[in-house]
Each structure stands twice: as C-alpha cells, then as structure tokens.
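Working notes, beginning with the structure itself.
The values are calculated or read from the model by the stated rules, or taken from the named source; none is laboratory data. Just so we're clear, the structure is a prediction, and the values are computed from it rather than from any experiment. Here Cβ is always computed from backbone atoms with ideal geometry, including for glycine, and neighbour counts include all displayed protein chains. Just the protein is used for accessible areas: all its heavy atoms, side chains included, with ligands, DNA and RNA removed. Shrake-Rupley method; radii C 1.70, N 1.55, O 1.52, S 1.80 Å.
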Amino acid sequence: MVTTTSSELGAELYRSLGLTDDEFARIKTILGREPNRAELAMYSVMWSEHCSYKSSRIHLKTLPSEGPHVLVGPGEGAGVIDVDGVAVALRLESHNHPSFVEPFQGAATGIGGIVRDVLSMGARPIALLDPLRFGPLPAEQIGDAKVAERNRVLVEGVVSGISSYGNCIGVPTVGGEIKFEGTYSGNPLVNVMCIGVAPKERIMKARAEGVGNKVLLLGSTTGRDGIGGVSVLASATFGEEAEALRPSVQVGDPFTEKLLIEGCLRLIELGLVVGIQDLGGAGLCCATSESAANAGTGMRLDLGQVALRESGMEPFEILTSESQERMLVIVEPKDLDAALAECERMGLRASVVGEVTDSKRLEVVSDGEVVADVPAASLGDGPVYDRPIERPSWVDALSSETIEPPDDIEAGLMKLIGSPNIASKRWAWEQYDHQVMLGTVVRPGADAAVLRIPGTSTRIAVTTDGNGRYCYLDPRGGAQHSVAEAYRNLSALGAEPVAITNCLNFGNPERPEVMWQFAEAVRGIGEACISLGTPVTGGNVSFYNETGDVAIYPTPIIGMVGVMPEDVVVPGPGWRKEGDVILLLGATGQELGGSEYARTVLGKVSGKLPALDLEIERAVGTVAREAIRAGLCMSAHDLSEGGLAVALAEACAISGLGAQIDLQSETPAWELFSESASRILLSVSESAASRVLEIASNAGVPARRIGVVSAGSLRGPGFDLDVAEISSAFHQSFAAAMGYPSASGESSGNVGYS
C-alpha cells in the first residue's frame, strides 16, 4: 500500500506542477487517499493540456474522421490511410516552446518525436515537412534590432536542428513553409509532419495486451532532460524566465534514433511485437499507462530495470523524463529471447522493465518498494473543460476596414516578391537532404512534394498550409482557407486530396477570446473537410503560445495528402517554353482583406477575408486534375499569398522566362493583387488551350486566357519588369535577410517553402 500525508505535499507543490485545487481533489477521490510525490508528478504530466487535451476535446470530437481511405483515425500515434493497398501513416505535431528556449535541440527533438509517432504504427518514415513561423527579420519592420537578431538566431537554430537530425536519420525533408509575423517574435511555431509506409497487415497499435507479456524499453538511457516538458514548457505561457527553462528541453541523439527505427521495424517484421508505443510527452508514465488502458489491462513496472544515464534519479524523475529515442514494446514470453537477441545483434539497447497484468492498474516498483499504484485508465481520463467562449470586440472593427490596391503596380510587386514571406527559402531547404531514400519525385520548389509509394503504381502528394493572419481576422473563415489552399496545392500537381492531419497552434485557452478563436477554427476545418472530402486522421493541439500578454495569431496548420497515378506528368510552377498560353482558372474579385500586399506594403492586418465557396474550390481542383492527367498542362501554380501578381512573378523567377499579360480589365491592380480563393494559374500549349477551356466550361468553372509566355520581361497593364530583376529579388532576398551571401539564382527556386 502506498501512503503519504498531506504535509508532504501541500498546495504549493501541486500548483507548481500545473494542477488546480479541483484536479487535486479529483486525484484524491480516484486513489481514495492523497497521492505521493511520484503519483502527483504522473497525474500532473498526464493531465497537462499537452497530453490530456482537456480544453480542446469537446471541440475536436466534431471533426469528420471517416472516409474511404481511412484505416486508422484519431487516437493513435498517427493516422493511417490506404493508398493502393499500402498503409500510409501521417502525423503533424508541434515543438514550439522547446524550440524557443533551445532552437537547435527543440527542433531536432521535434523531428525525432514525430518520426517515432509514425514508427509506433509499424510504418517506415519516408518523408518530413516542416511548417515554421517566426517573428520578422528586418529590424525596421519592428523597430527593435535586438528582437530582429533574436528572430534570426531562432531561424538559424531551428533550420540547423531540422537539417542535422533529419539528415542523420536518413529521412528526407521534402516540404514545408517559413512565414514571418510580429506576433511570433516571442513564440515561434515549429511544427513537423511525418509520412510513413507499411504493409496493411503490419499496422501496429499502442496495446499492452496479453497478461504475462513482457514490457521492453528500447533505445536511449533515461536522464533528467525533458522532465516536466509537457507541463513546464508545453502547458504554460512564457515570461521573462524562459531561459531558466532550458533544462526542460530534451536532447536528441539521431544515431540512436536510426537504430531504433531499424530495430523496431525488424522486430515487427519478425512478428515479435504485440504492441508498441513511443515515449514522447510524459515519457514512461504516458507510454505504460496508455498502452495498458487501451488494452483494458494493467502493468507492473520495475524502475530498477530502466537504464539510467544519471545517478540518484528519483522515481518521479524516471517516470516523467522525456529523454528521447525510446520505445515501449510488448512481447510474448516465448518471443522474449528472440527479441532481445535481435536488439543485441543490431546494437540497440533493450531491457525488460515490466509485465502486463490483469489488475487494470499501473503499479510501479523501485528497490522492491511500491512507489506508485494508480488505475491505469485514470491517468488518461483526465478532466474535460468547456472553457468560456467570447467573441473579441475588435474583430468587427478590423474586418470593416477597406484595403485599396497599389497605384504603383511595379513597386508593390517588387516589394512583395523580395519580402521574407514570399521570397524563396532556398537558403533553408538546401540544408535538408530531400533526395535520400530515392523516393522524392517532386522536391521542394513546387506547390507540394510528390513521393513514390514502394510496391504500388500510385504516388502521393503532400503539403502543409496555414494562414494565421487570416485566422486572426476570421478564425472560421481563415481555417477554411487553410484547408482549401492545401487542397488547391495538391490539385495543382494532379493529385486527388484524400485526408488531412493538423496542428492547431493557439494562445492561452483560459482566455475566452482564445477559446472562441479555437472553437471557430475547428468548426471551419470540419466544414471544409466535409465539403472537400478530406477527413481528419488525427492531429495535435498546442495551447499557451503566448509571451506575457502577447498571443500568437491563431494558427491551424493543415497537413494534407493526395493520391495520383505514377504515370501522371507533374507540372511545376514555372513556365516551360515561350509561346505557351497562360490560363487562369477561377474568378477574381476585389478582395484584399488580410492580404500579403496589405501586410507587407501597407503595414496593415485588417479587412474582410476573400469569399470562399467550397463547392467552387472543389470544382476548380477537379478541372485542374483532369487537365493535368490528360497531359494538357505545361505548368500549374495555385494562387494564394500575393495573388496573381506574385504567382506570375514566381513562375518567371523559377523558369527564367517572362510573360506578356493582357487582363482586359479596367482595374488591373485589383486583378493582380486580390487574393480571391479557388484560382489556379496554368500554362498550356496553343493547341491544348481550347481543350482546357472546354473542360472548365463543362464543369461550370470560370476560365480565361490572360497572356502568353515570352522571354526577357514580365509585361502587362501598369508594369514592365525584367525577369532577371524579379529572379534576383526572389532567390536572394531571404539569404540576405539571414545575413548570408546571396543564394544562387538557379531557376528551380523554391515555392513550396513560401
């Protein structure tokens, strides 16, 4: 029997661990006594916002999660879809706060964690994408050189962490985004998506089934790094003491991660694994309790068998440590020797740390003494809060402001194309190995990445998208736009979108205006996914993204996967040859609210968002896919930030070719800078133009000829710009803002990292 006294704990301790008075009272009711220090630590991490989703669960359950391709939906380490008979796992998560405190290790361990999520499904990781958000780089934008330099250091550290870890484990980084807004200066967003593949019959789940089965801990030793990460870092806002939290950031070891990947896949291939779960947030406590609760069993855990890297670690430290590169594996007794021998052969540390029981409790022993004894399910069955919701009063005022287009089209376009948000992020993605494993068909530089699926005649396209500025002005509409843009990106490559995962980045959920933003965004995602046929396979919620009183823009990031036959010739975003006809699918209105032009040129974040008709979005995507799959398109590029003007300039910068544009409009500035939704820019041969226009007409989609590909310059009503000037601004501005020598002006510049 575990006993303790109230004097050993006190309100100061449990409150310092992030537990409320009511939560502490609930724990005492569950146990029928007061918890000891180890048990209190276990509940504090498992009931933290990061692990329990206690503020978000009532909203997340409204999302659509079923569809013809979905094999495994929300609730597991990753979602899984069926692609031509192969299981494809997908997951998107955040490592925001650790990356602010320690950029390199925070980003590196974010990669390691998401890879293990996918690995826990029995899938081999084959690709990574990294949507990132930072504060502005140029000091003149924020009037604070110190903050601008801090932002630059964060970018450099995060990119280095991603490239170092991903390159070492041999998983290609094939896409993502890097965006800049003042709101992220005190709280950058480091989200990471991973894709993996497995035979359908080998899909694994976190289940500690079979009484008497052995519990193995594989991988790194356990240390004090990461203790309290999910409660100290991920479930609280930042103040001036952020640097003091550095010990709570995990330290990564990519070489052990590589051993872990190969070792776990080998054990699964040999049929030795009953259940498997990674050790991420809340460490051993989470993996043991969840896998037991999921199977309706219990577990007896011996901390004396856990390999430690530090002496004198207390039970609560061992249980809640978030040391990286560890996996929990359940094996039958008859397979134990074979599993241990295989791990030894591969040089992978493995030890038996426990046994599955029928008690439905998690019993923890250290030096022969029971140091924790709790119902396993109670750790995962934490409180659920219906937080107060209040629509902010400032929303209407911002939405009512009118944004006018530029008088000087050339100056506006050049400022946009060279801005950090639009310019090529080649400086970043050239540090990533995006060709390792030889499965990358379309590398960074297109609207999405395209990957081979081994053993099939099908490829997948993957992308990440999110527009925090839109969601700030209208969270429901902005979230819909984020889903629609991801859908458009995949359609522009000829892929049919089939499923999403997400990472929902928001401020403090205890503030009613933040919960309003969250609830509205979830509602918008659900509506868009139902209309576009892209069910939600799972995701992650990251709250408390605030420093002081400054919250980030509400930023739901959408990771979307589409499928396409392997014989589709994928068009890129750049022109192919002179004389090709330029077509625009979709209609353009006078819509500059929340636009990149308003933000970058005018310094305004205001206005009404562009209208979005999801049925039209779906129709435009269908037309693009049909035209691409018929081999009619030489290039295709979705229209999003910066509108038609930026899409045209990017196509020129990427290809080195120009264009002659005739908009046949009395308001060309509106046509060029409006960010109206559901539009895709195509270039086709003269002979194919009429056929593409016919396909669009039959589908009821507006489409028109707006120009022709040419050499030398981008010319149209109110502008005549040399392609070399455009290319220089697009390819070199970001590297210059980072303080590095100009990047090469090579024609295959990056748009995927826009």
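Rounded to the nearest 500, what is the chain's calculated 222 nm mean residue ellipticity when only DSSP H runs of at least 4 contribute -39500 (n - 2.57) each, over all residues? Present the calculation step by step, with values, prior to reporting the outcome.
Values: 26 runs with 274 residues, N = 754.
That calculation yields -11000 deg cm²/dmol at 222 nm.
Please calculate the 1.4 Å probe accessible area of Arg704, with all protein chains present, and give it to the nearest 10 Å².
Around 80 Å² of this residue is reachable by solvent.
Taking θ as phi - 60°, what are the ³J(HN,Hα) couplings along the stretch 487-501 by the Karplus curve (6.51, -1.76, 1.60), each to the nearest whole Hz, with x for Gly and Pro?
Computed from phi, the couplings for the stretch 487-501 are 4, 5, 4, 5, 4, 5, 10, x, 9, 8, x, 10, 6, 10, 10 Hz.
Could you work out how far apart the two model spin labels at Asp408 and Arg704 are, taking each label as a point 7 Å from the Cα in the direction of the beta carbon, and quote it in nm?
So the label points at Asp408 and Arg704 sit 2.8 nm apart.
If DNA, RNA and ligands are ignored and the probe is 1.4 Å, what is the ranking of His637, His50 by accessible area, most exposed first?
Numbers: His637 5, His50 45 Å².
Per-residue accessible area, sorted high to low, gives His50, His637.
Cα centroid distance between the stretch 40-59 and the stretch 200-219, in Å?
24 Å
Given a Förster distance of 41 Å, report the FRET efficiency between Asp722 and Arg691 from their Cβ-Cβ distance, rounded to the nearest 0.05. Mind showing how you got there, number by number?
Details: r = 33 Å, r/R0 = 0.81.
Efficiency at R0 = 41 Å is approximately 0.80.
Once you order the gyration tensor axes a ≥ b ≥ c over the Cα atoms, which shape class does the stretch 424-495 get: rounded for a/c under 1.5, otherwise prolate or oblate by comparing a/b with b/c? Please report the intermediate quantities before stating the final value.
Working: a/c = 3.22, a/b = 1.61, b/c = 2.01.
Verdict is oblate for the stretch 424-495.
Put a dot 7 Å past each Cα toward the Cβ at Glu66 and Ile530; how far apart are the dots in nm?
1.4 nm
Net charge within 13 Å of Gln480 by Cβ-Cβ distance, Lys/Arg positive one each and Asp/Glu negative one each, not counting Gln480 itself? If you can, show how the numbers build up before the last one.
Numbers: positive: Arg476, Arg488, Arg523, Arg618; negative: Asp465, Asp474, Glu485, Glu520, Glu527, Asp613, Glu615, Glu617.
Computed value for this residue: -4.
Starting from the Cα-Cα distance between Val352 and Glu369, subtract it from 0.36 nm times their residue separation and give me the gain in nm to one decimal. Walk me through the intermediate numbers first.
On the way: separation 17, 0.36 × 17 = 6.12 nm, distance 1.80 nm.
Here the segment from Val352 to Glu369 would lengthen by 4.3 nm.
Anything over 28 Å Cα to Cα? Flag those among Lys61/Lys604; Lys205/Lys258; Lys146/Lys258, in the order listed. Write down the numbers at each step before the final one.
Values: Lys61/Lys604 35 Å; Lys205/Lys258 21 Å; Lys146/Lys258 38 Å.
Flagged as over cut-off: Lys61/Lys604; Lys146/Lys258.
Once you order the gyration tensor axes a ≥ b ≥ c over the Cα atoms, which shape class does the chain get: rounded for a/c under 1.5, otherwise prolate or oblate by comparing a/b with b/c? Let's see the in-between values first.
Working: a/c = 2.08, a/b = 1.68, b/c = 1.23.
Prolate, because a/c is 1.5 or more and a/b exceeds b/c.
With a 1.4 Å probe and all protein chains left in place, how much of the accessible area of the stretch 74-171 comes from carbon and sulfur atoms, in whole percent? The partial results should precede the final answer.
Values: 1170 of 2310 Å².
On the stretch 74-171, the fraction of accessible area on carbon and sulfur atoms equals 51 percent.
What's log10 of I(q)/I(0) for the stretch 614-666 at q = 0.13, 0.16, 0.18, 0.24 Å⁻¹, Debye sum over Cα points only, no solvent?
Scattering profile of the stretch 614-666, log10 relative to I(0): -0.43, -0.65, -0.80, -1.11.
How much of Glu49 can a 1.4 Å solvent probe reach, expressed as accessible area in Å² and rounded to 10?
Accessible surface of Glu49 is approximately 10 Å².
Give the accessible surface of the chain per residue, rounded to a whole number of Å², with probe radius 1.4 Å and ligands, DNA and RNA excluded.
Here the residues of the chain average 33 Å² of exposed surface.
In the stretch 267-291, whose amide N lies under 19 Å from the spot 7 Å out along Cα-to-Cβ of Arg57? List them in ranges.
Flagged as within label range: 281-283, 285-291.
What's the local net charge at Gly75, with K and R +1, D and E -1, over the other residues with C-beta under 14 Å away? Mind dumping the intermediate values first?
On the way: positive: Arg57, Lys61, Arg91, Lys205, Arg207; negative: Glu66, Glu76, Asp117, Glu290, Asp381.
For residues surrounding Gly75, the net value is 0.
I need the calculated FRET efficiency for the pair Ala630 and Val395, taking r as the beta carbon distance and R₀ as 41 Å, to the nearest 0.05. Mind dumping the intermediate values first?
Values: r = 44 Å, r/R0 = 1.08.
E between Ala630 and Val395, to the nearest 0.05, is 0.40.
At a probe size of 1.4 Å, how large is the accessible area of Lys360, to the nearest 10 Å²?
Number for this one is 130 Å².
Taking the Cβ of Gly113 as the centre, find all other residues whose Cβ is under 12 Å away and add up their charges (Lys, Arg: +1; Asp, Glu: -1).
Values: positive: Arg91, Arg116, Arg326; negative: Glu93, Asp117, Glu257, Asp278, Glu322, Glu325.
Local charge sum for Gly113: -3.
The stretch 371-412 to the stretch 259-309: how many Å between their Cα centroids?
34 Å
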